[in-house]
């Protein structure tokens, strides 16, 4: 069950609190998987399997969290280490769905335009996945509305050409994602946090952008969402993205300032001092780390040593660190 893991860095002001570990891109339905190798939580058997992971995470003084996702038109692809190309039905792929029948790439098969019944079913799938996440022992959930996946596809006018109540104006394009947020929030214990990951901009003229993200964040806050995880891009291939260390941090800072909702920063954040400065400087309330953790699972312990902070370590490894 290949998956990525996110470590949430809370900054030195949160020393003594638990780290939060995310299971990323966990599909709410079989057709919502990015690839056949994705994790999922569309069945009770999935929830049962996750219990061992959440129990161990909690035993290590950490919080287990899960990211709920539906890939929309970007589903039915091969696993990344085999190129990640679109899988046709005779290659083990499946029919994808989207707000409009517009393929992600010209070489991909066109997705099927979602009906109102499909929309209602997807909302129910997110709610059911949330309830299973509670049963599995997760103590935080994040709704994936970024990177060109289904909910982002509804938000952006580049991928949403609908003429019904789910397309057109910003309010209409946001209606389905907001209904998902409302359903997830209602299904998750009120004392536990619900995050939403967004792409703050498509990096394409005429697409989704920061002003729309700010308004959308206001609406999410009204729905009881606790934090906006600010990423960007992923909706269309070939977008010109000015990638550099911390290049997405200004999105988190702007949304935090304009809406008052907590934000998370992500993207080429690799050093302890860099992460600490983002949090302590008020640009974001926390920092998400993924690839840095894949490269070095001991990143938190190295970071704590550099920042002169004591964090508990597995006792069997103590001789290497003390």
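The values are calculated or read from the model by the stated rules, or taken from the named source; none is laboratory data. If you're wondering where the values come from, they're calculated on a predicted model, not measured in any experiment. Positions of Cβ are backbone-derived with ideal geometry, glycine not excepted, and every protein chain shown enters the neighbour counts.
Against the test of being at pLDDT below 95 and either loosely packed, with under 14 Cβ neighbours inside 10 Å or touching a helix residue (DSSP H, G or I) at 6+ places or on another chain (Cβ under 8 Å) (or both), the options 73, 116, 82, 52 yield a single qualifying residue, 82.
Among the residues of this structure, residue 198 counts as one that is in contact with a strand residue (DSSP E or B) (Cβ under 9 Å, 6 or more places away or on another chain) and in a strand (DSSP E or B).
Can you tell me which of 303, 275 is more than 20 Å from the chain's Cα centre (by Cα) and surrounded by 19 or more Cβ atoms within 10 Å (Cβ to Cβ)? Show your work before the answer.
Numbers: 275 fails: more than 20 Å from the chain's Cα centre (by Cα).
After applying the criteria, what remains is 303.
Residue 92 falls short on exactly one of the conditions (1) on the phi > 0 side of the Ramachandran plot; (2) buried (at least 18 other Cβ atoms within 10 Å of the Cβ), and that condition is (2).
Within region 56-63, can one find any residue that is at pLDDT below 95, part of a helix (DSSP H, G or I) and crowded, with 19+ Cβ neighbours inside 10 Å? Yes.
Counting just the residues of region 226-242 that are assigned to a strand (DSSP E or B) and touching a helix residue (DSSP H, G or I) at 6+ places or on another chain (Cβ under 9 Å), which one comes out surrounded by the fewest Cβ atoms within 10 Å (Cβ to Cβ)? The qualifying residue surrounded by the fewest Cβ atoms within 10 Å (Cβ to Cβ) is 231.
Only a single criterion out of (1) under 18 Å from the mean Cα position of the chain (by Cα); (2) over 30 Å from residue 105 (Cβ atoms); (3) in contact (Cβ under 8 Å) with a residue 60 or more places away in the chain is not satisfied by residue 264, namely (2). Residues that are in contact with a strand residue (DSSP E or B) (Cβ under 9 Å, 6 or more places away or on another chain) and within 30 Å of residue 63 (Cβ to Cβ) within region 154-186 comprise 154, 155, 177, 180, 181, 184, 185, listed in sequence order. Taking the criterion of being part of a loop (DSSP other than H, G, I, E, B) and within 24 Å of residue 22 (Cβ to Cβ), the residues of region 204-223 that qualify are 208, 223.
When residue 208 is tested against the conditions (1) surrounded by 17 or more Cβ atoms within 10 Å (Cβ to Cβ); (2) out of contact with any strand residue (DSSP E or B) (no Cβ under 7 Å at 6 or more places or on another chain), the lone failure is (2). Filtered by the rule that a residue be in a helix (DSSP H, G or I) and either under 18 Å from residue 254 (Cα atoms) or touching a helix residue (DSSP H, G or I) at 6+ places or on another chain (Cβ under 6 Å) (or both), region 277-300 gives 277, 278, 279, 280, 292, 293, 299.
Going by the structure shown, is residue 21 modelled with pLDDT under 95 and either surrounded by fewer than 24 Cβ atoms within 10 Å (Cβ to Cβ) or in contact with a helix residue (DSSP H, G or I) (Cβ under 7 Å, 6 or more places away or on another chain) (or both)?
Working: modelled with pLDDT under 95: yes; either surrounded by fewer than 24 Cβ atoms within 10 Å (Cβ to Cβ) or in contact with a helix residue (DSSP H, G or I) (Cβ under 7 Å, 6 or more places away or on another chain) (or both): yes.
Here the answer is yes, as residue 21 does meet what is asked.
Considering region 244-261, and only residues there that are touching a helix residue (DSSP H, G or I) at 6+ places or on another chain (Cβ under 7 Å) and outside any loop (DSSP other than H, G, I, E, B), the residue that is nearest to residue 228 (Cα to Cα) turns out to be 255. Against the test of being without any contact (Cβ under 8 Å) to a residue 60 or more places away in the chain, surrounded by 14 or more Cβ atoms within 10 Å (Cβ to Cβ) and more than 28 Å from residue 226 (Cα to Cα), the options 319, 313 yield a single qualifying residue, 313.
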